[in-house]
Each structure stands twice: as C-alpha cells, then as structure tokens.
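A.B. asks: So that we are looking at the same thing, I have put the structure below in structure tokens.
Laboratory data are not the source of any read-out in this text; all were calculated from the coordinates shown. If you're wondering where the values come from, they're calculated on a predicted model, not measured in any experiment. Using ideal geometry, Cβ is built from the backbone for each residue, glycine included, and neighbour counts are taken over all protein chains shown.
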There are 2 protein chains.
Amino acid sequence: MSILEFKNPYPSLPPTKVSLLHTSKLDATALANIGFFSTVDRESTHILLTDSNVAASMLDELKDMFNNLRIKIHPVIVVPGESSKTIQAYTHVLDACADVGITKESTVIGIGGGVVKDLSGFLASTFLRGLNLVLMPTTVLAQVDAAIDWRHSLNLPHGKNLIGSILAPAEILINAGFLKSLNDRWIRDGLAESIKIALCQSPDFLTLLSQANPSDFTWLCRVIDISVSEKIVAMNRDSAPDQAMLVYGHAIGHAIEHLAEGELGHGEAISIGMCVTAELSLLAGLSDELTLKAHYNAFTAFGLPTIVPDKYDLHQIWSVIRADKRFRGDKMCAPAVKTIGTLVADGNGKCFLPFGAEIVIRALELNKSRGKTIGKFVQN
Amino acid sequence: MSILEFKNPYPSLPPTKVSLLHTSKLDATALANIGFFSTVDRESTHILLTDSNVAASMLDELKDMFNNLRIKIHPVIVVPGESSKTIQAYTHVLDACADVGITKESTVIGIGGGVVKDLSGFLASTFLRGLNLVLMPTTVLAQVDAAIDWRHSLNLPHGKNLIGSILAPAEILINAGFLKSLNDRWIRDGLAESIKIALCQSPDFLTLLSQANPSDFTWLCRVIDISVSEKIVAMNRDSAPDQAMLVYGHAIGHAIEHLAEGELGHGEAISIGMCVTAELSLLAGLSDELTLKAHYNAFTAFGLPTIVPDKYDLHQIWSVIRADKRFRGDKMCAPAVKTIGTLVADGNGKCFLPFGAEIVIRALELNKSRGKTIGKFVQN
C-alpha cells in the first residue's frame, strides 16, 4: 500500500490522504490502522452514501467490514446515474441525515462512482455547515479522476456542475478490487480521464496506455496508480497548465454529455470533447496534425467514441456550452493541447483560451465529417 | 462613515469590509468610491436578491442607484420570511441565476433581512462553486448581527439552520437609513441580538441599551455601530467565549422559533431562549438571581417576550432542541452567562456546556411559572 497526499485548497487546513490499496476483498484488518478507520468517532452514526448498484454488489460486505471496525453506519442509497446529481437527490439525502440524527462528529462516507462522490461531497460540505468526508471510489473514472478532488458539484436543468462546493476529503481509499463488478464499457469510460492526463502532461504515460489492455488487472492497477499520482502532482503544483489540464475537453464534452441524457458515459463524452478540442486547436493554428491524430488514435484504441453523434444539432451543442462555468462574454474559455504532454499558454501564461461560436462550430463540423473515414485518417 | 474589517475564516483569503454609513437615502455618489461599487465587473450581470417587502419600498430607488453606478443588476425577488430559507426557495433562485447567464465574475448582492442574507450567502457559496457576496441589510436584526457573519444557513423541516456554508462576504454596507420603513416591532426584535451581545460581553453596553428608546434615530445608529463593532471584535479575537456568545440563547430560542412557525420573530424567540437559559444557569448553580433578573429586565424594557408561550408542550420543545447542530449524545450543548458580561467556562476553558433533558425541562417550567408574576419578580 502507498499513501499520497494532496494539499487542502485552504492552506490552514489539513491535506487529503490518498491510500492506494489494491486488494481483492474488503479487509477490516488491513484498514484498521488507516487514518479515518482508526480515529473516527465510535459514538456517532456515520452516513454511508452509495447507489443501488454498488449496494447490490457490496453493501453486505461493507456492513460487515464497518461492523468489525466498530464504526456505526447508516446506509443511504440513491439511484445510480446523473439523476442523483440533482437538487432533488440532495434533498432526499438531507432528509435521511436529519432523520437519523447526524452530529458535527459524523462523517459522510461516499462509496461509488463520480455521481456518488459529488453528492457525498456536496452533502458533507453543507450538512450542519460541514462534516468530514471519506471517499471509497468504485469506478475507474472515480478512482483515476473524480474522487481525487476537493470540488463537488450538482447539475441544474440548465447544464452540468452549475452548483457546487469546495471541501477537501479527509481520506480517499483507492482499491482496484472494488472494480471487479464493473463491465468492460465502464472500465474504458474511466480510462478516458487517464488518457486526458497523458495527452496534457505525459507522453510516456500515453505510451504505457497504448501498450496493454484494460482487462489485465495488474496493468489496470498500474494505470490507476500513475493517474492518481500524476493528478496529485498537478494539484499540489497548481500552476496554470495544471489547473487547465483537469478540465481538458470538458467544456465541449460536458455539453455533449448533457444532451446525451445518460446515453453516453462521462468518459465517452469527454473523449469526443477532447477530439473536437484538438480539431479546434489545429484550426486556430495552435497545434499540428500529428497531435490531432494522436487524440483520435488514443481514444479509438480503447474503443472510446471520438465523433459527435449525428443526432445533435451543432448550434444546440453551442447553446449548452454557453452554460459552462468559464464561458465569458460570447466566448468558450478552454485549454488546448499544443503537442502531446504540453498545453498551449498565451502571452500571460494563461491556459484558458477564448474560442467564439464560429470556430467551435467549424471544429464540431470537421469532427463530424471524419465520422466515416476516421480509420483512414488516423492511419495516414 | 467608518469602515471596519473582520477576518476571513480561511486565513489566506481577504477580510470582509464593513462600511457604517447612516444616510437617509441611497446615494450613488457616496457609494461610488466604496470597494465593491468601484471595482465590480461592469460587463457581467449581478444578482440583486431581495424580498417582496423590500422590493416594494426600495427597488426603484435601488435600480436607479445601480444604474447611476453603471452596475448591471438582475433582481430576483423572494417571498418574505422563513419560507425563503428553504431548499425550495434556493432552487427557485438557482433557476433565476442560470436563466440570466451568471458568470464567475458576477456578484450576489443580498438586500434584506436575515433570511435574504442567508439565502444570498448560500447561493453565492454554491452557484458556479462560489461567487462574490455583498450584503446590504435592511433590518435591525441583520444590521447588528445576521449580516456580520460568514456562516449562511437554510432550514430543513427537521429544524433551523441544518444546512449551510461558509463564505466571507466581500463587503457589507450598514445604513440605518434602510430601516425607516420598519415598524416598531421589528426594530425591537432586532435589538434582542444587541442585548445578547451586552449580556455576554459588555455591562456598559447593557446600561446604554437601557437608557433610551428605539424610535430615536441617533440612539439607534449608535446602538447599531456598537453592536457591529462589538461583534467584529469578538469575531476577530475568536476565543471560546467569543464563539459561544454568538449563539447565546439560540439552542432553546431556535426550537421555540421553529415551533412558532412565523408567529415569533427570531429576536423575540431568542429573547425567550436567553431567559430560559438564564433559569438553567441558575438551576445548575452557574449563575445568580441578579443575573437572571437582569435578563428579564433587559428584554421586558424593550417589550420583548420573555416567557415560553403556553401552547408549546415542553417535551416537544426538547425534541426540537435535539436537532440543534451542537447537540451531543443526549445533551444540549450551549453557553451560559455567569454574571453580566461574562460567560461560564468549564475547567478546559470551553463555553459550550452540556445540559440534559431533565434540567432543561425544569428551566422551561420555571420560566413558564413566572408568566403571571414576571413584573413582580424583576422588581424584587
């Protein structure tokens, strides 16, 4: 087991501990001495927030584990998927917490994917004006990216992540053993965030990613460990490219994900978002064709989608992009990759660059036009 | 005009500026050079959050003022009263913000009483994961207490202030001129928080409070200025008694306010809460009869209620107290006044003391039993 730390966004508060512990089953003995599990208040009841998929596959085992550790938990189970990243779901979990008599000594333990992490984080930030937060991510997406964060967001009908809070988790436990019930599609979906990290800051990592397959457990553990440590390096350094890297491809990807209404996973949507952003970068003269091809290649190699689905009108996509948190005036502000491993920076060192409707829609069109010939394009 | 500052709860972030500017009317010229009004982004649209009472009496004037200052505002008007401190009201204002196209450069300007302050604060903390917050309180309660805060809370059906956030306002503008449309009941209601400050930390201030009447505008301005500066001293010092003082009488007062469903103002409810807490303190041997009488005297002098209304069952009050954020195990944790100006501290210097059901219910009974003879009690 290795333990990493990332800094608290509020310098006077303690950092987040991330334990990388890849075991095939939950083991109370192994956990008993890890920070939270040894220090948590044994008198209070703690909220175990999860979704019904995770509950079906591991709630009994989790209950046994917390029971063995003499930690009192009250499970709160939400519907899987984005519908639990809403004010309605938040209201439901608030009621559950108020019903069970939670105190300031209680912890919210979020066990699930990105949605459970966001709902747990927003709940912990706001219930009684702030509780401890512990995360045990159970999807590749959450293990390599979503859970390694202090930002927690809910969606509004107008767009994704429009409300949110800042709270550094006390502890994050990464265990690839939790992924065993995940099917292949969702493992690949999560790896889109690892590819994002590689495209933005590490050509070597991109090479490693291209060399193996997601069903090899040892390879998967290694990719998770590298993704987590690369992301933590970026968060601790916190430079302009580091901040921008976190949301590469997301302005366009989020809009596509919003319009897909659950048909596309987050990783699938941002794969398309990154490919369109690479088109945009080339169109704007910020990048080259080799970098563009490397994008299509990387995602295609993992069977991830790269082309905007035909059914979405491009102006409709643009109108959803306008709800992005970083939209300014009439411009989308987003990072672009210059060459693999390096983001474009402007004269002031800033990595969020403004792109207007016209060039974004042309990039979307170019991406769509490659739909039928993408195999040929990436091979040439 | 004087300008005070209170520290940010996150030491790396800037303090809050509090301008005390008592003018009879809104004056764009006078405001033009004050921090926010001179520096706010002129391109973005800002949310002016208020309630329909304030809107009826000053929205036109406010619009003219912001127009003269070339600050673009979008008014969002909520229902007056506690029903706007709910998730439902929050959802309504979120929709309004998302509809109008708010950006990270936008400010939430909360103009109203304590409820508008809390809703504005929670909105600013969470919309786009955090916007600037400016407060212009329009009630005595908000000017002397509620607005001078970085804590923002909403109620749940289970109890008051069960969810909330921490965000230091960028700027608070205190203007007793905003109080002119307030009737006498609500001026007195607000002064309950000034009496709280005096009982907990300043016998001299209690003397000043007893010497005049709330309809004297000059006296009122002076009381507001002293209340604000006493509270800011306590916030900046942030010792155990300072933290405890802020919520003196509130554990019991909030429960009564919750049960009153709008029939009692916050100040009226905490006046009763402080009197019951003084009974509790005497019962527990922590205080003396002189201190108890000073409580009943101070509130009675301003026509504030001091006795738990007959219609509330005492066990029902206790069951609502259990939802208090600081309730631990089977104990209410609350501060008590030892002698006027001094809180009780335990052997470890802590000022939140545990009180069980039995003694709290006896204190409530004792308070009720004084109902008919309160005049006689305070005179003896």
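A.B. asks: Could you check how many percent of all C-alpha pairs in the protein assembly as shown are farther apart than 33 Å?
C.D. replies: When every Cα pair of the protein assembly as shown is considered, 55 percent fall beyond 33 Å.
A.B. asks: So the label point sits 7 Å from Cα along the Cα-to-Cβ vector; using that for A:ASN67, what distances do you get to the other copies, in nanometres, sorted shortest first?
C.D. replies: So the label point of A:ASN67 gives 6.9 nm to the other copies.
A.B. asks: Would you mind listing the distances between the B:ALA284 label point and the same position in each other copy? Use 7 Å along Cα-to-C-beta, nm, one decimal, shortest first.
C.D. replies: 6.1
A.B. asks: Report the closest approach of any chain A C-beta to the axis of the A-to-B rotation: residue and distance, in whole angstrom.
C.D. replies: A:TYR10, 2
A.B. asks: Using the Cα centre of region A:2-179 as the reference point, and only Cβ charges (+1 on K/R, -1 on D/E), how large is the resulting charge dipole? Debye, rounded to the nearest 20.
C.D. replies: Details: 13 positive and 16 negative charges, 61 e Å.
Here the size comes out at about 300 debye.
A.B. asks: Let me have the 222 nm mean residue ellipticity of chain B computed from DSSP H runs of 4+ only, each contributing -39500 (n - 2.57), with the sum over all residues rounded to the nearest 500.
C.D. replies: My calculation for chain B gives -14000 deg cm²/dmol from helical runs alone.
A.B. asks: Tell me, what is the FRET efficiency for B:SER229 and A:SER2 to the nearest 0.05, using R0 = 56 angstrom and their Cβ-Cβ distance as r? Before the final figure, lay out each step's value.
C.D. replies: Values: r = 52 Å, r/R0 = 0.93.
It comes to 0.60.
A.B. asks: Also, I was wondering about something else. Please report, in whole Å³, the volume per residue of the convex hull around the C-alpha atoms of region A:217-281. Working shown, then result.
C.D. replies: Values: hull volume 6.7 nm³, N = 65.
Taking only Cα atoms, region A:217-281 has a hull volume of 103 Å³ per residue.
A.B. asks: Can I ask one more? Could you list log10 I(q)/I(0) for region A:70-166 at q = 0.12, 0.13, 0.17 Å⁻¹, which the Debye formula gives when each Cα is one point scatterer?
C.D. replies: These q points yield log10 I(q)/I(0) values of -0.34, -0.40, -0.69.
A.B. asks: Another question about this same structure. Using C-alpha positions alone, give me the convex hull volume of region A:257-314 per residue in cubic angstrom. It would help to have the intermediate numbers written out before the result.
C.D. replies: On the way: hull volume 4.8 nm³, N = 58.
Dividing the Cα hull volume of region A:257-314 by its residue count gives 82 Å³.
A.B. asks: Run a plain Debye calculation on region B:57-123 (Cα atoms as equal point scatterers, no solvent) and give log10 I(q)/I(0) at q = 0.26, 0.27 Å⁻¹, rounded to two decimals, same order as the q list.
C.D. replies: These q points yield log10 I(q)/I(0) values of -1.29, -1.33.
A.B. asks: Ok, one more. Neighbour counts of other C-beta atoms within 10 Å: give me A:LYS376, B:LYS7 arranged from fewest to most.
C.D. replies: So the residues, fewest neighbours to most, are A:LYS376, B:LYS7.
A.B. asks: Now, a different point. Given all pairs of different Cα atoms, what value in angstroms does the Kirkwood hydrodynamic radius of region B:202-379 take? Present the calculation step by step, with values, prior to reporting the outcome.
C.D. replies: Working: mean 1/r = 0.0598 Å⁻¹.
For region B:202-379, the Kirkwood estimate is 16.7 Å.
A.B. asks: Oh, and also: Could you tell me which of B:CYS333, B:LEU353, B:THR373 has its Cα farthest along the dipole of region B:322-380 towards the positive end, charges placed at Cβ (Lys, Arg +1; Asp, Glu -1), taken about the Cα centre?
C.D. replies: B:THR373
A.B. asks: In region A:270-350, if every C-alpha pair distance is counted and binned at 5 Å from zero, what percent goes to each bin?
C.D. replies: Reading upward from the zero bin: 3, 14, 21, 24, 21, 14, 4, 1.
A.B. asks: Could you check the simple spin-label distance between A:GLN316 and A:ASN183, using points 7 Å along Cα→Cβ, in nm with one decimal?
C.D. replies: So the label points at A:GLN316 and A:ASN183 sit 2.6 nm apart.
A.B. asks: Over the Cα atoms of region B:1-160, what radius of gyration and what Dmax do you get, in Å?
C.D. replies: 14.9, 46
A.B. asks: Right, another one. Say each of A:ILE361 and B:LEU59 gets a label point 7 Å from the Cα, pointing the same way as Cα to Cβ; how far apart are those two points in nm?
C.D. replies: Inter-label distance under the simple model: 3.6 nm.
A.B. asks: Another question about this same structure. Modelling each spin label as a point 7 Å along the Cα-to-Cβ direction, I'd like the B:HIS74/A:HIS92 distance in nm, to one decimal.
C.D. replies: The two pseudo-label positions are separated by 2.9 nm.
A.B. asks: Limiting things to C-alpha atoms, what are the Rg and the maximum Cα-Cα separation (Dmax) for region B:1-94, in angstroms?
C.D. replies: For region B:1-94, the Cα radius of gyration and maximum Cα-Cα distance read 15.4, 40 Å.
A.B. asks: Using a Gaussian network model of chain B with C-alpha springs under 10 Å, which one of B:LYS338, B:LYS72, B:LYS311 is most mobile by mean-square fluctuation?
C.D. replies: Maximum fluctuation in the GNM of chain B, among the listed residues, is at B:LYS311.
A.B. asks: Tell me the distances, shortest first, between B:ARG328 and the same position across the other copies, using label points 7 Å along Cα→Cβ, in nm to one decimal.
C.D. replies: 4.7
A.B. asks: Counting alpha carbon pairs within less than 8 Å and at least 6 residues apart, what relative contact order, in whole percent, applies to region A:1-136?
C.D. replies: Numbers: 191 pairs, mean separation 30.2, N = 136.
For region A:1-136, the relative contact order is 22 percent.
A.B. asks: By counting other Cβ atoms within 10 Å of each Cβ, how are A:HIS266, B:HIS46 ranked from fewest to most? Present the calculation step by step, with values, prior to reporting the outcome.
C.D. replies: On the way: A:HIS266 27, B:HIS46 24.
Lowest count first: B:HIS46, A:HIS266.
A.B. asks: Quick one: order A:THR339, B:THR218, A:THR277 by neighbouring beta-carbon count within 10 Å, fewest to most. Write out the running numbers ahead of the final one.
C.D. replies: Working: A:THR339 14, B:THR218 10, A:THR277 30.
Ascending Cβ contact count within 10 Å gives the list B:THR218, A:THR339, A:THR277.
A.B. asks: Sort all Cα-Cα distances of chain B into consecutive 10 angstrom bins from zero, then give the percent of pairs in each bin up to the one containing the longest distance.
C.D. replies: Going out from 0 Å in 10 Å bins, chain B shows 5, 25, 34, 24, 10, 3, 0 percent.
A.B. asks: Place the peptides A:90-100, A:142-152 in order of packing, highest mean first, counting for every residue the other Cβ atoms within 10 Å and averaging per peptide. Spell out each step's value before the answer.
C.D. replies: Values: A:90-100: 18.2, A:142-152: 25.9.
Put in order of decreasing packing, that is A:142-152, A:90-100.
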